[in-house]
Amino acid sequence: MEISLPSSPEFQGEIYLGGAVINPGFYPLESGDSIDALIQAAGGTTSNADLTNVKLYIPTAGEGEQPQKIDINRAEAWLLETLPGIGQSKAQAIIDYRQKIGGFRNINDITDVQGIGPAIYEEIKHRITVAD
């Protein structure tokens, strides 16, 4: 999809890419960026992406920012380590666990990983997601 955003100062800053992209989150946006380049920055699309129905949402002034969520089924260790209470060993335990079971079905399943109990889950539950 080769659609470029207009060259305008209004289109600079960050853009949130969510839905059927590999790594949903906020990405840098500069005038002239193509939608394809932005999608590639988010790791590309998932196998169930519907590219005939792409939506762009522009928030009103003062609308709160949504925090970027980390997909625990796809995130690399370095990204998992950015979560509160998740260091190197727990990040590797998450990766090992998802490889063993084939992925998490919901965010609550992360408490099945050794070393991640209710206290850590409460700290990270608003910062994690499980994409299809």
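The values are calculated or read from the model by the stated rules, or taken from the named source; none is laboratory data. Remember, predicted model here, so these are calculated numbers, not experimental data. With ideal geometry, Cβ positions are generated from the backbone for all residues, glycine too; neighbour counts draw on all protein chains shown.
Observations
- Index of the failed condition, Arg105 passing every other in (1) in contact (Cβ under 8 Å) with a residue 12 or more places away in the chain; (2) assigned to a helix (DSSP H, G or I): (2)
- Members of the stretch 116-132 found to be in contact (Cβ under 8 Å) with a residue 24 or more places away in the chain and closer than 18 Å to Glu76 by Cα, listed by number: Ile116, Ile124, Arg127, Ile128, Thr129, Val130, Ala131, Asp132
- Taking first residues from the stretch 39-61 that are more than 12 Å from Gly25 (Cα to Cα) and partners that are modelled with pLDDT under 75, the Cβ contacts under 7 Å between residues at least 6 apart in sequence or on separate chains come to Thr46/Asp132; Asn48/Asp132; Leu51/Met1.
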